[in-house]
Structures are given as C-alpha cells and as structure tokens.
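Structure first, then comments.
The values are calculated or read from the model by the stated rules, or taken from the named source; none is laboratory data. These numbers were taken from a predicted model, which means no experiment stands behind them. Neighbour counts are summed over all protein chains in view; Cβ atoms, including those assigned to glycine, are modelled from backbone coordinates with ideal geometry. Side chains are part of the model used for accessible areas, which takes the heavy atoms of the whole protein and leaves out ligands, DNA and RNA. Shrake-Rupley method; radii C 1.70, N 1.55, O 1.52, S 1.80 Å.
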Amino acid sequence: MATSTPPVARTAQGPATTPRPTVPRRRRWSVGAVALYTVAALAALVWLVPLLWAFATSVKPEGETTVMPPTWLSENATLEAYASVLARGDVLRWTMNSFITTVIVTVLTLVICVLAAYGFSRFDFRGRPALFALIIGGILIPPQTLIVPQFVLMTQLGLVDTYWGIALPQVVAPVFVFILKRFFDAIPRDYEDAARLDGAGPVRVLWSVILPLSRPILTAVGIFTFIGAWNNFLWPFIVTNDPEMMTLPVGLGTAVGQYGIQYAQVMASAVLGAIPLLVVFLLFQRHIVTGVAGAGIKG
Amino acid sequence: MTQNTQAPAPRTAPGSATAAPRGLVDVRRRPSSWTGLWFVLPFLAFYAVFLLWPAIVGFGYTFTDRSLAGGDVSFIGLDNWSESLTDSDMYDSLWNTLWFTILSVPLMVLLALGMALLTDHARRLGWFLRLSFFAPFVLPVTVMTLIWGWMYNPSLGLFNGTLGRFGIEGPEWLFSEDTAMFSVVIATAWWQVGFNYLLYLAAMQSIPKDVYEAAAIDGAGVWQRIGRITLPMLTRTTALITVLQLIGSLRVFEQIYLMTSGGPNFATRTVIQYIYDSGFVGLRIGLASSMAYVFMVLIIIASVAQFRLFSRKEG
C-alpha cells in the first residue's frame, strides 16, 4: 500500500482539527509500523483465501479444477460453470424464496419488538414485570430444541412448504425486545413531553419522537435480523420438502449432490449464494459497526 | 478514520443510558392503564404461539410414544426420559458438543481480540481489514461448508495440494475421527469470528483517546499501551464475548451436520443432531422431545451460571 504517503501521524487521536500536539511525531514509517502493517495485511489476505479460492475454482473449466498441485489462475478462465448453474434456474428461485421470507421476518420482527419495547419502556400496566420476566426468560431457550413441536404445529396449521411456515417461527426474538427497551429507556422523557403537550397520542409519540432517535439501534436490529433470517438453515430445512419452496442455504445444501464432481459448478453456486449478503454487507458496513457499538449484544 | 470523528447526535442517548441505568420500575411512569398492554400484545401473541406453546406441547410429548408417522398415541410415563438419560449415544453427543465448545471458545475469543487489535492499530488498512475479517460472517452456512469441504478434500483440495507441493502428505481432515472435530472448529472460527471481532472493535473505539495520548507522552510503547490500557479496559467486553460465544458454541449443529453429517463414526455428532435424528429420521417425537428438554435444561443452567459470573464482575 501507500509507501509514498509520507507523514504517518499515527492518529491514535481524534479529529484533524486537534492542534498538533507538542510531542514530537515520527514522520517516517518506523520499523514497528511496517511490521504491523505487514502482519495486518497478511492476516487479512489469509482470511480471504477461502473466498478467493472458491472464486478461482468457479471460473476454471471443469477439467482444470482437480489439477494437482492446485493452481490459482487458469489460462482458460470461463464463466461456463455459472452459466450451467444459472441454467438450472433453481438458484434464482431459492434466492427469491430467501428474499421473501427474510423480508417478512425482518419487518414483522422490527414491528412487534419495537411495539413491545415501547410498551414496556413507557407504560405501566397490570402484570408488566411478570410479562417482561417471561419474555426475557425466553432468551435462554435455544430455538433449536423446539423444532419438533414447532414442526408438528406447522403441520397442524397447514403451513409446511409455505413462506409463512418458514417465516413465522423465526419472528420471535426476545433479545431484541430487551435491547430496544434498554435503548428507549435511555431517551429522556422531556422530548416526548413537548409532543404530548401538543396533543400527540402514544402512537404518534412513538412514530415522531422515539423512532427517529433510535435509528442506529433499529438499523442494527434490522440488519442482524436480516442476516440471521437469510442464513438460517435448520428451520427452513425442516419445514420445506418441496425444492421449489427451499431457501437459498437449504437449496444449495441439498442440490449439490446433483453436481457430482463438477467442482467449478459447486463453487460457482457457492459464490452465487454468497453474493447477496456480501452486497448487503458492503452497503451497510458502517451501520453494522456503529450498530454493534450501540447494541453491544448478539441477536 | 472518519468513522470515529463523526459521532451522530442520537448516539448520545444510549451513552448516557449506560452511565445511569434505570431499574425495571421507573418512578416517573404514568399511572397504570391498559395502553401499554396493547403495544405488548402483538409480540406476546407470537411469543405464545411459536415459543411458549411448542415448549409446553413438547414437554407433553415426552410422556408419550407419539410418532411423526402418525398412528395411535399412548401415555408411557417416564420411559422417554429414562431412555434419553441412560443412552450412551446421548452422552457421546453431549461430549462432542462440549468438546467443540472447549476447542472453539478460546480460539474464537483470542482470534477476535488479535484481529481487533490489528485493525485498531493499522488504521490505514481499516476498511480492508474489516472487510476481510467480517465478510465470512455474512455467508450462509451452506456456502461456508461447500467452500471448506472443497478446500479440505483429502486428495484434490487446496490444503493437501499445497502441502503436497512440499512433499508433505496432508491429513484426512473431515474424514478421520482424529481430525474431523478440529477441522470443523477451524472452519467455524473462520466463518463466525467476525461477530466477536466487531464487538471488540466497537469496544476499542469507545476507549477515550486521551488516555492513549497521556500514555504516549509518558513514553509508553505500543505493547505497554495494549497491555496496560487496552486489555484492562476490555475486561467487560471479553466477559460478554466469552459468554455469548459459549452459549453459541453449545448450540452448534448446522455446519457440522453439513460438513460431516456427524461422522466419521459419529465422532462429530452433536446433541442437536441427535435430537434431529431421533425426531425426524427415527420419527420418535417423544424421545426427541425428552432429549431436547435435557439439553435445554443444561443450556439454561450454563447460561444462567455464566451470566451470574459475568454480572458479578460487572458490579
């Protein structure tokens, strides 16, 4: 990288507006800094190897994928594997299924968790402490241990192999109620008092006062719900039998057998499966980092 | 670099929250009414139908010989419980789950810490490091297992191919009882460490900069600053990450199931897979439910113990 960039004011310190400190600053790359950057860059590259290798394999002609010792670059790079995978059509279908169910899960989760957190944060009502304790207790239950009765329930409701069947059981996220309530609790009531004096009801206060102030946490909860639902495997795997209804992770997992030993195609489907959320991640990178700082808890 | 300087206004609200946490009961709360319940109701409805109800019904199943294939159901008392509590396969799968946890937790905490320290110090590479270290976290589990299964392939894969270049015969990776669990742990660390990394990074960025400046003026080197300032100030974060990782690791299932199907010779079969096998392959709902309950109780005990330990440190 930029060896030409001269001053390495290693800013462990903040804004550029800060007056230059009186401490003499090293103006050239010190040995330590060079070592640090080398180690960091190498670590990051090593961490990218699986992704790069998957991509490298996916653009090889099938005949070259199994050449030993392995080569990274093929002289006959081709998109043939992608064409074959896409021609089957199912990857696109699964992506659409994932998208629909994930949007249902994310929207419903946000709506019901925000409402509940607001209710618990701002109102008193009979049974409130007990209800809150009940919900918080739900954080401890591993959802995977409920798959058997949940599946029976879905069979009874006739929701097997439907979008609702995939989505609904994923909606309940007690931990988000907890996180959001903690955030709402911290918003000073003075803000709402003004709105209330103007005649705003509870819903209006939530919409016009609380929600705008909660953007970072809402983005974080939304993003992590989205990632979690998109990548969920176990539940969609159990509740779908029809290949047409499978989500992307489930479909890829069950279909790879069909590709046989065509590794370029397997890797092409893996890359295709990775792309949607990598794009989401690139778009929301900043929000993810700041959101985690605000929430500080895993979903 | 700009990320740090820009502190959006609303962020001050949660900041002040941590300074003065409110209890469950707030004195300024308005008098009791039904309004709050209306807001809570939609969540409660979902919670009751999709979590509480299955949990209760599942408990009921444990006393029956109900089969997923249908047929008559009869009450069989505690037979399922005694079967799951005396089943040596159940204990093997519990041990596999525990072994995975023992191997993965320290690795995934320390790796995350190291990565976050690198990112925090090598700021000019910030975006690139965040991209590399966090990106695997957003991959669907199937994509991860496809890629790693391909790299682990004993005869054609990247690892043994590269080792072969140096005349070393690589291990069987996922295909040997001795190495399968380690292979799964390595792949899991690659895939999931990004979240811990992000938590560490967020915590490091919230350490006031003037502390470091003061130390720098006093002539503290990088290692001293890390050892005397960064690490001590990360104690709470480390505790939190450890607890979350522990709970997460105990729930492991998907990547192992996809990579090894629990093999070879059940060496990597986890509890969740055993529950799945009993219920959805063996069709014995009652037995699977009793196993689920045994496991749920163990997880809850572990979680509560961890949280108590953690909150004591905090207080």
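For chain A, with a Gaussian network of springs between Cα atoms less than 10 Å apart, report the residue from A:GLY138, A:GLY251, A:GLY199 with the top mean-square fluctuation.
Judging by the Gaussian network model, the answer is A:GLY199.
Rolling a 1.4 Å sphere over the protein heavy atoms, what is the accessible area per residue of the protein assembly as shown, to the nearest Å²? Mind showing how you got there, number by number?
Numbers: 27730 Å² over 614 residues.
Accessible area per residue, the protein assembly as shown: 45 Å².
What FRET efficiency, computed as 1/(1 + (r/R0)^6) with R0 = 22 Å and r the Cβ-Cβ distance, is obtained for B:PHE175 and B:ASP92, rounded to the nearest 0.05? All intermediate terms of the calculation are to be shown ahead of the outcome.
Working: r = 19 Å, r/R0 = 0.87.
The computed FRET efficiency comes out at 0.70.
Per the Kirkwood treatment, what hydrodynamic radius in Å, one decimal, follows for the range A:41-89 from the mean inverse distance over all distinct Cα pairs? Please report the intermediate quantities before stating the final value.
Numbers: mean 1/r = 0.0838 Å⁻¹.
Computed over the range A:41-89, the radius equals 11.9 Å.
Please work out the Kirkwood hydrodynamic radius for the range A:97-240, using every pair of different C-alpha atoms, and report it in angstroms with one decimal place. Write down the numbers at each step before the final one.
Numbers: mean 1/r = 0.0602 Å⁻¹.
This gives a value of 16.6 Å.
For chain A, compute Rh as the Kirkwood radius over C-alpha pairs and then the Stokes-Einstein diffusion coefficient at 20 °C and 1.002 mPa s; write the answer in µm²/s, rounded to an integer.
Working: Rh = 23.5 Å.
Answer from the Stokes-Einstein relation: 91 µm²/s.
By the scheme Lys and Arg +1, Asp and Glu -1, what is the net charge of all other residues having a beta-carbon under 13 Å from that of A:LEU86? Numbers along the way, then the final one.
Details: positive: A:ARG88, A:ARG93; negative: A:GLU80, A:ASP90.
Around A:LEU86, the charge tally is 0.
Select from the range A:160-185 all residues whose loss of accessible area on going from the chain by itself to the full protein assembly reaches 50 Å² or more (probe 1.4 Å).
Output list: A:VAL172.
Which of the three applies to the range A:212-299, rounded, prolate or oblate, going by the alpha-carbon gyration tensor with a ≥ b ≥ c and a/c under 1.5 meaning rounded? Let's see the in-between values first.
On the way: a/c = 3.58, a/b = 2.01, b/c = 1.78.
Since a/c reaches 1.5 and a/b is larger than b/c, the shape of the range A:212-299 is classed as prolate.
Amide H neighbours of A:THR78 under 5 Å, counting only residues 5+ apart in sequence or on other chains, H built in-plane at 1.01 Å?
Correct list: A:LYS60.
Rounded to two decimals, what is the ratio between the C-alpha radius of gyration of the range B:173-273 and 2.2 N^0.38 Å? Write down the numbers at each step before the final one.
Working: Rg = 19.3 Å, N = 101, 2.2 N^0.38 = 12.7 Å.
The range B:173-273 yields a ratio of 1.52.
Counting only Cα atoms, I'd like the Rg/Rh figure for the range B:261-315, Kirkwood definition for Rh.
Numbers: Rg = 15.5 Å, Rh = 12.9 Å.
Taking Rg over the Kirkwood Rh, I get 1.20.
Would you mind getting me the FRET efficiency between A:ALA35 and A:THR71? Use the beta-carbon distance for r and R0 = 30 Å, nearest 0.05.
On the way: r = 31 Å, r/R0 = 1.03.
Between A:ALA35 and A:THR71 the formula returns 0.45.
If you place +1 on the Cβ of every Lys and Arg, -1 on the Cβ of every Asp and Glu, and leave all else neutral, what size is the dipole of chain B about its Cα centre, to the nearest 20 Debye? If you can, show how the numbers build up before the last one.
Working: 20 positive and 19 negative charges, 354 e Å.
Using only the charged Cβ atoms, the result is roughly 1700 debye.
List the residue ranges in chain B for DSSP H helices whose C-alpha atoms run 24 angstrom or more along the long axis and whose Kyte-Doolittle average is -0.5 or above. Walk me through the numbers on the way to the answer.
Values: long enough: B:88-121 (50 Å, 0.95); B:180-205 (37 Å, 1.16); B:285-314 (42 Å, 1.22).
In chain B, the long hydrophobic H runs are B:88-121, B:180-205, B:285-314.
To the nearest 20 debye, what is the magnitude of the charge dipole of the range B:167-224 about its Cα centre, counting +1 on the Cβ of each Lys and Arg and -1 on the Cβ of each Asp and Glu? Let's see the in-between values first.
Numbers: 1 positive and 7 negative charges, 60 e Å.
Dipole about the Cα centre, nearest 20: 280 debye.
Rg/Rh for chain B to two decimals, with Rh computed the Kirkwood way over all alpha-carbon pairs. Write out the running numbers ahead of the final one.
Working: Rg = 24.4 Å, Rh = 23.4 Å.
Result: Rg/Rh = 1.04.
If I take every Cα pair under 8 Å that is 6 or more residues apart in chain A, average their sequence separation and divide by the length, what percent do I get for the relative contact order? Don't skip to the end; give the middle numbers.
Numbers: 259 pairs, mean separation 84.3, N = 299.
Once divided by the residue count of chain A, the mean separation gives 28 percent.
Once you list every other residue whose beta carbon is under 13 Å from the beta carbon of A:LYS60, what net charge do they have if Lys and Arg are +1 and Asp and Glu are -1? Don't jump to the answer; show the numbers that get you there.
Working: positive: none; negative: A:GLU62, A:GLU64, A:GLU75, A:GLU80.
Charge balance in the 13 Å sphere: -4.
In terms of modelled amide H atoms, which long-range or inter-chain residues lie less than 5 Å from the amide H of B:THR64?
Those lying under 5 Å, H to H, from B:THR64 are B:ILE76.
Leaving out ligands, DNA and RNA, calculate the buried accessible area for the pair B and A with a 1.4 Å probe, summed over both sides, in Å² to the nearest 100.
Numbers: alone 19930 and 18470 Å², together 27730 Å².
Heavy-atom accessible area buried at this interface is about 10700 Å².
Taking all protein chains as present, what is the carbon and sulfur share of the accessible area of chain A, in % to the nearest whole number, probe 1.4 Å? Walk me through the numbers before you get to the answer.
Details: 8970 of 13220 Å².
C and S fraction of accessible area: 68 percent.
Taking the range B:86-196 as the region of interest, what is the percent of Cα-Cα pairs per 5 angstrom bin, listed from the shortest bin to the one with the maximum distance?
2, 11, 15, 17, 18, 16, 12, 5, 2, 1, 0, 0
Go from 0 up to the bin containing the longest alpha carbon distance in the protein assembly as shown, width 10 Å each, and give me the % of pairs per bin.
The distribution over the protein assembly as shown is 3, 14, 24, 26, 19, 10, 3, 0, 0, given as percents.
Kindly give Rg over Rh for the range A:105-181, based on alpha-carbon atoms, with the Kirkwood expression for the hydrodynamic radius. Could you put the intermediate results ahead of the total?
Numbers: Rg = 14.1 Å, Rh = 13.7 Å.
That ratio is 1.03, to two decimals.
Treat every Asp and Glu Cβ in the range A:136-283 as -1 and every Lys and Arg Cβ as +1, leave all other atoms uncharged, and give the resulting dipole magnitude about the Cα centre to the nearest 20 debye. Can you show the working numbers first?
On the way: 6 positive and 8 negative charges, 53 e Å.
Magnitude of the dipole: close to 260 debye.
Of the residues A:SER269, A:SER121, A:SER58, which exhibits the maximal mean-square fluctuation in a Gaussian network model of chain A defined by a 10 Å Cα contact cut-off?
Among A:SER269, A:SER121, A:SER58, the largest mean-square fluctuation in the Gaussian network model of chain A belongs to A:SER121.
Tell me the label-point distance for the pair B:ARG236, B:LEU85, using the 7 Å Cα-to-Cβ offset, in nm and rounded to one decimal.
Modelled inter-label distance: 4.1 nm.
Filter the DSSP H helices in chain A by two things, a Kyte-Doolittle mean of at least 0.5 and an axial alpha-carbon span of 30 angstrom or more, and list the hits by number. List each step's numbers first, then the result.
Numbers: long enough: A:31-58 (39 Å, 1.92); A:90-122 (47 Å, 1.33); A:263-295 (42 Å, 1.55).
What comes out of the filter, once short or polar helices are dropped, is A:31-58, A:90-122, A:263-295.
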